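The values are calculated or read from the model by the stated rules, or taken from the named source; none is laboratory data. From a predicted model like this one, the values you see are computed outputs, not experimental measurements. In this analysis, Cβ positions are derived from the backbone assuming ideal geometry, glycine residues included, and neighbour counts consider all displayed protein chains. The accessibility values were calculated without ligands, DNA or RNA, using every heavy atom of the protein model including side chains. Shrake-Rupley method; radii C 1.70, N 1.55, O 1.52, S 1.80 Å.
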Amino acid sequence: MIGSLSLKAVLGTTLALSSISTLVHGLFPDEAGRIDWYREQMGVPKKIVPYTGGNGTSIFAITHRNVLASLNPNSGEIIWRQVFGDSEPINTLQLRDDQALTHSGANESYVRVWDAATGSLKWEFSHPEAPTYKPSSGAAAFLDGNKDVLAVVGDSLVRLSADQSKPVWEVSLNRTATYKRIVVQGDVAYAIGDATQTSKARQQRLHVLEVNLATGSLAKQYDIANGMSLGSDNLVVIESKEYGAYVVWREEKNIVWMIHRLGMIKPMWDIYHAKIVQVELMPEDMLASTISELDLDPGLNENVPRFALTYTKEGKTKTVVVEMFRTDDKLDMRKVVGFRSDNGVVASFGSALPVNEANKSAQKQRTVVSVRSYNNSVAWRIYSDDKAPTHTGEFAYNPATYGPVTGASLYYTNNDEPRVLVQTGGGLLAALAPNTDGPLWSRDESLAHATDMAFMELPPPASSAEHAAKATDPSVVNSPLVRYILRWVETTKSLTMWVSSGFGLLDSTDNTASSSADLASRSVAEALVPTSPLTTGDHFGFRKLSIFGTSTGVVAALSTQDGTRSWTHWFADNGTSVKVEHIFVTRRTQPLSEDAALVTVVGRNARGKTVVADLDALTGLPASENAIQWLASGHTKVFELPVVDTATNQQLIGIITDGKEPQFRIWPSTAAGAKAFFAISDTVFFDLGGSKGSIQLRGYSIERSSELEISSWNKDSVASTKRQWAFDLPEGEILVKETEYRNGAQNTALLGRVLGDRSVLYKYINPHLVTLATLRSEGGIGIYFIDRVSGRLLHSAIHKNARVTAKQPFLGIQTENRVIYQLWQDGSFAPVSSNSTGKHQATTSGYITVVAELFESDKPDTREDSKAFSSYDILLPSVVTTAFTAPEAASALGITRTGSHITTRDVLFGLVSNKLLSLPDQLFDPRRPKEAPTKDEQAEGLVPYAAPLVLDPKRVLSHYNTVAGIKFISSAPTHLESTSLVASFGLDMFFTRTSPSGTFDQLSPSFSKVNLVVTTLALVIGCLLGGPMVRRKMTNQAWE
Amino acid sequence: MLRQLLFIIQSALLLLAAVAVASPAKTYRVRGAIIANDVLGDISELSTRAQVVVNGGEHTGFIQKDGAFAVDNIKLGDSLLEVVSADYAFPKIHLRISLKEDGKASIAARYVQIGSEWPEDAPVLAYPLRISAAGKYDFFTPRQGFNIVAMFSNPYMMMVGASLVAIFILPKLQANMDPDALKGLQNKQK
């Protein structure tokens, strides 16, 4: 199918592009940053390490989106970042000597050392995938005094030399444990892990391994801490250079804390609560106490090891910081500082050492910060001893926006000013400073975890005259005549204002000033609480709300025009985030309607239970008292129903929940909603089994409930479903991905395609079309087009050399009568095409983009002779398919949307090179002639076929922005038919607008209104001056 | 004799088994460097803005300050290596890792165009790879300023020009015509 890159093909592509580029131009330089906005993100941090090195203090973070980033401590901006693969989680981060060390990977292990100042890789070591041993172990640590690294990779402990990035020595771990921690103490190192359970009878415990650093010889290995695992609430590993390294734990149902010095098999040492906290506790209170580590890099501790212990006494919760001390030969514990953390508030703490050298020598005291969030504020205190705090602060914060504070760390600026970094459950990161009201800066990282997004149309701005009239007598505005007059009043007013402002010349200079503002700093220095939520749009529909749902529980509304936040709402169940999965705009703002616009959110808690909520789309607050409801079980599918509840004017949502047979629920679950739904329930069908790994797709219809059930419909009511069909995949095939129409992509302006001879090929547009991609056991990918109503197979294809893996995903999209998908194809020696003459050709590996266009018949002017489309009766579609080579690997596909679909639809690619590329519809026409085009084909405007889709930089919508990790591309129409809004998100966010067929309904940006006025004036003056002259000439002629 | 034969067969089988076990697990590291040229003079900025991708994301490599990179865990056979960058275009490279007779792996790298043939006759690149940027993307179309030629090449302006000629110049031409010829023409029009 994919031919060689012959001269003809190149010429064809060039011709194609040139013929299309006459339609559309690239971006103008001054449009960048004015019609689009970009937000660079890193994801919710897993670990934050403030580090002071040769270049001052920076904040380093590894995140749940597998990003390693360095932040500016004064502004929160990303100085540099490295984005790791989706299947390569970062497990460890350690900073020493201006170098950052990471250990990453799930099956494969990578140890990398980065330059902390620039983010460039210094050296790396990798261990290939070990299919026999996947214990998810992995740890790495720098050695003292030199730049070598000790790491657990695969099933080995290795010492890596910075010079060679090769193991100095390697010790096999023999699957003894899942190692997650390395402690370096002088000449020896300890690897600590959760011991592998050889038999069920044996208890969980830790396994410790001692190795000699110089030789790599195994000194000893032993088990400690029965019933415990690393990361448990009752266990810490502490260390310091002077005192050595210890494991402290409390076994379950035991009130005694055990302390074990690493390397000493015996004796073990125990200590009672009273000795640690210096308070007598009741045994039950002791059993509930927990301990946590305090230092981000305990290996740097010069003097004493410390940890924090939290206990409850008489209903009050208190946290004490405890340190080890030595008197003569005896080790003991003492309290350093204690603070209350009661009333159910979350107390977080961090510890840091002031930066300044002078201070360092004078006072080796580490400081501790405690942060409490309560009511609507966050309070923090910094202690250096058990006396009064040295610094305190408080700022107003509503936990309903980003959740309560879950973590805190402390760092010092170069002038030894303390800064507190707090992290919330919803994914907000904020830096606090003494004597400032709000946070110094904040980053909303929840949006890097977005799962769904919906555009919400805003009402156009009403004229102020209209507002004034509405305020005095709302009924007046209902008359069209009054509104017409009011609009004229307003227009006259703005005209006079425009004239008095110097014909808008001053305005335009203002615009350029605002566009030059640094976008990056704007995205960071965002106010936590927006001063004025967005309630009105603009005349062109460019300004809408984009409402995001995230897996951190945050639902956020952002302006599509500049990304400013309108509102945020944090969904939680008992203090833990709810994973938001779907966002639907279920009621739009209607002119002259008092009903608030609604957005319906569907999410899932940690136990898989489903929550549905209606939020006011303009404020983010729950729409009513019963607006948030928990369902009895989890959902398997959620979709919009093609019906509106007339009583509330709200669009209905169908929710399929787990049960013996799938159950169908209606949202809102009211009698009026049920009545509206059952009026159309015959036309609603859905399918299940479309998830990855499935081998059967099943189609269902919904059974009609009785009139009594409908009239008493409530939140517990369910309708039963009936299985209509089942489609079994051929043996040896498993489902990879199911694709269906999204966001009205099936809508079209034209029922057919007019050919060169004026005949028509009718499009086969079936809203119930479903595309399945399957993985074949003998290799290759199968493609099936299924009708969801009847379960009929409409078309199938096999890509023998294609491959779909986690890292080489299948991407598909359905638009009008086209299915477009992209997959990886291994280089092959296969025939070029099915009708080839047997000539075999070797083609390169690469992604291919396949387009299948569905027509009612392959004969022009032939179509189904019936008024209604029936999935049961219609003949099979005629499918025309062509493949192209994709310019690059893509991570997301999308299409542009316009109001009436008269404008052609661009196909949008989120590329691995961090770009958003838009390619014209014409290129994806499977009917592009492969031979010299005939007259009819020329008349139809078909572009000659060429296999490569070329990465034309003029068509890169994201231009110089690095839009990393695009997972979703969404589009919304504007009030201008030519223009559509495009949003891409995943890790970074990028919003822009584009005109696939050119801005045919707008004045060109180069059109000068001033020139027009000046020309008209010149003509008028010319007439006024020329008139008398002509009259005089004519009079003179008459006298002659 | 039989024992000897058995021993040979046994050792051959063992050897085969060892190869069979070892070969699927054996993967290779491909090394290379991005070299500065006129298009991209300063390599250091690339380290946080570009990556090396093999087989469209199957394996990824980060770039060091001096442009050096390594991609690990590449299997025997054909692969496609790309340098992905937001602002620079790089040539794509076809890698063929094969085992030589002595059991050592050899790599043949060639420039390739996506969707085209594996160019068996194309020159093999030096190893470790040395890649330099092919071009810097230019994302923008410059705005066209005021252009007098473009203004007069507009068809409307041409029509205006023609009308002006008809209004002002034709009567002058008429005046210069021979009166007899003019009369003849007028008669013809009648």
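Probe of 1.4 angstrom, ligands and nucleic acids ignored: what's the accessible area per residue over chain B, in square angstrom? All intermediate terms of the calculation are to be shown ahead of the outcome.
On the way: 11910 Å² over 190 residues.
Accessible area per residue, chain B: 63 Å².
I want the local charge near A:L917. Using Cβ-Cβ distances under 13 Å, sum +1 for each Lys or Arg and -1 for each Asp or Glu among the other residues. Walk me through the numbers before you get to the answer.
Working: positive: A:K915, A:K954, A:R955; negative: A:E888, A:D906, A:D952.
Counting the neighbours of A:L917, the net charge comes to 0.
Find how many whole Å separate the alpha carbon centroid of the stretch A:50-65 from the alpha carbon centroid of the stretch B:70-86.
About 30 Å separates the Cα centre of the stretch B:70-86 from the one of the stretch A:50-65.
Distance from a point 7 Å along Cα→Cβ of A:D30 to each backbone N in the stretch A:974-1006: keep the residues under 16 Å and list them by number.
A:1003-1006
Per q in 0.12 1/Å, what log10 I(q)/I(0) does a Debye calculation on the alpha-carbon atoms of the stretch B:15-136 return?
The Cα Debye sum returns log10 ratios of -0.47.
Estimate for me the total accessible surface buried between chains A and B (protein heavy atoms, probe 1.4 Å, no ligands or nucleic acids), in Å² to the nearest 100.
The A and B chains share an interface burying roughly 4300 Å².
For helix A:1009-1039, report the angle its Cα long axis makes with the longest principal axis of the Cα atoms of chain A; keep it between 0 and 90° and round to the nearest 10°.
The helix A:1009-1039 is inclined about 20 degrees to chain A.
Using Cα atoms only, what is the angle between the long axis of helix A:505-515 and the major principal axis of chain A, expressed in degrees (0 to 90) to the nearest 10?
Between the helix axis and the principal axis of chain A, the angle is about 40 degrees.
Show that you can apply the helix-only estimate: for the protein assembly as shown, add -39,500 (n - 2.57) for every DSSP H stretch of four or more residues, divide by all residues, and state [θ] at 222 nm to the nearest 500.
Details: 18 runs with 191 residues, N = 1230.
Calculated at 222 nm, the ellipticity per residue is -4500 deg cm²/dmol.
Quick check: Cα centre of the stretch B:110-135 to Cα centre of the stretch A:89-126, how many Å?
Result: 31 Å between the Cα centres.
Given H placed on each backbone N at 1.01 Å, which residues far from A:L823 in sequence or on other chains put an amide H within less than 5 Å of it?
A:I848, A:V850
Please report the equivalent ellipsoid semi-axes of the stretch A:712-783, computed as sqrt(5 x eigenvalue) of the Cα gyration tensor, largest first, in whole Å.
Working: eigenvalues 207, 143, 24 Å².
Those come to 32, 27, 11 Å.
Could you work out what % of the accessible surface of chain A is carbon and sulfur, using a 1.4 angstrom probe and leaving DNA, RNA and ligands out of the count? Each step should come with its number before you reach the end.
Numbers: 24300 of 45550 Å².
The value for chain A is 53 percent carbon and sulfur by accessible area.
Once phi is turned into ³J(HN,Hα) by the Karplus curve 6.51 cos²θ - 1.76 cosθ + 1.60 with θ = phi - 60°, what whole-Hz value does each residue of the stretch B:170-176 show in order, with x for glycine and proline?
4, x, 5, 5, 4, 5, 7
Residue-wise, which Karplus ³J(HN,Hα) couplings in Hz belong to the stretch B:91-107, taking 6.51 cos²θ - 1.76 cosθ + 1.60, θ = phi - 60°, and x for glycine or proline?
Using θ = phi - 60°, the values come out as x, 8, 10, 8, 10, 10, 9, 9, 8, 7, 4, 7, x, 7, 8, 10, 10 Hz.
Pairs A:K316/A:K579; A:K660/A:K967; A:K675/A:K737; A:K166/A:K692; A:K763/A:K935: which exceed 30 Å Cα-Cα?
A:K316/A:K579; A:K660/A:K967; A:K675/A:K737; A:K166/A:K692
Using only Cα atoms and rounding to the nearest 10 degrees, what angle (0 to 90) does helix A:480-500 make with the longest principal axis of chain A?
70
Full extension from A:N649 to A:Y484: what is 0.36 nm times the residue separation minus their Cα-Cα distance, to one decimal in nm?
Working: separation 165, 0.36 × 165 = 59.40 nm, distance 2.74 nm.
Between A:N649 and A:Y484, full extension yields an extra 56.7 nm.
Find, among the GluC sites (Glu not before Pro) in the stretch B:67-143, those assigned to loop by DSSP (not H, G, I, E, B) with at most 13 other beta-carbon atoms within 10 angstrom.
B:E101, B:E120
Could you pull out the pairs from A:K47/A:K241; A:K220/B:K104; A:K147/B:K65 whose alpha carbons sit more than 29 Å apart here?
Correct reply: A:K220/B:K104.
With both partners inside the stretch B:15-136, how many of the DSSP beta bridges are antiparallel, as a percent to the nearest 5? Working shown, then result.
On the way: 29 of 32 bridges.
Antiparallel bridges: around 90 percent, rounded to the nearest 5.
Could you point to the residue in A:Q164, A:T92, A:H64 farthest towards the positive end of the protein assembly as shown's charge dipole, with +1 and -1 charges on the Cβ of Lys/Arg and Asp/Glu respectively?
A:Q164
Relative to the isolated chain, which residues of the stretch B:142-168 have their accessible area cut by 50 Å² or more in the presence of all protein chains (1.4 Å probe, heavy atoms, no ligands or nucleic acids)?
For the stretch B:142-168, once contacts with the other chains are taken into account, B:R143 lose 50 Å² or more.
Which Rg and Dmax, in Å, describe the Cα atoms of chain A?
Here Rg and the maximum Cα pair distance are 33.6, 135 Å.
Mind checking the per residue accessible area of chain A for me, 1.4 Å probe, whole number of Å²? Don't jump to the answer; show the numbers that get you there.
Details: 45550 Å² over 1040 residues.
Here the per-residue accessible area is 44 Å².
Taking amide H positions as placed 1.01 Å from N in the peptide plane, with prolines and chain starts having none, which residues 5 or more places from A:L794, or on another chain, fall under 5 Å of its amide H?
When sequence neighbours closer than 5 places are left aside, the close amide H contacts are A:F785, A:I786, A:D787.
Could you give the size of the charge dipole of chain A about its Cα centre, using +1 on the Cβ of each K and R and -1 on the Cβ of each D and E, expressed in debye and rounded to the nearest 20? Mind showing how you got there, number by number?
Values: 99 positive and 108 negative charges, 87 e Å.
Computed about the Cα centre, the dipole is about 420 debye.
Counting partner chain Cβ atoms within 10 Å of every residue's Cβ in B:61-71, what's the average?
On the way: counts 3, 10, 2, 7, 6, 1, 1, 2, 2, 6, 1.
Average per residue, whole number: 4.
Based on the Cα coordinates of the stretch B:148-189, what is the per residue volume of their convex hull in Å³?
Values: hull volume 3.6 nm³, N = 42.
Roughly 85 Å³ of hull volume per residue.
Under the definition of partner shielding as Cβ atoms of other protein chains within 10 Å of a residue Cβ, what is the mean value for peptide A:112-118? Working shown, then result.
Working: counts 1, 0, 4, 5, 0, 0, 5.
Mean shielding count: 2.
Whenever you get a sec, line up B:K65, B:K183, A:K800, A:K253 from highest to lowest accessible area (probe 1.4 Å, protein heavy atoms).
A:K253, A:K800, B:K183, B:K65
Quick one: which residues, 5+ away or cross-chain, put their amide H under 5 Å from the amide H of A:K220? H built at 1.01 Å from N.
For A:K220, whose amide H was placed from the backbone, the distant partners under 5 Å are A:E210.
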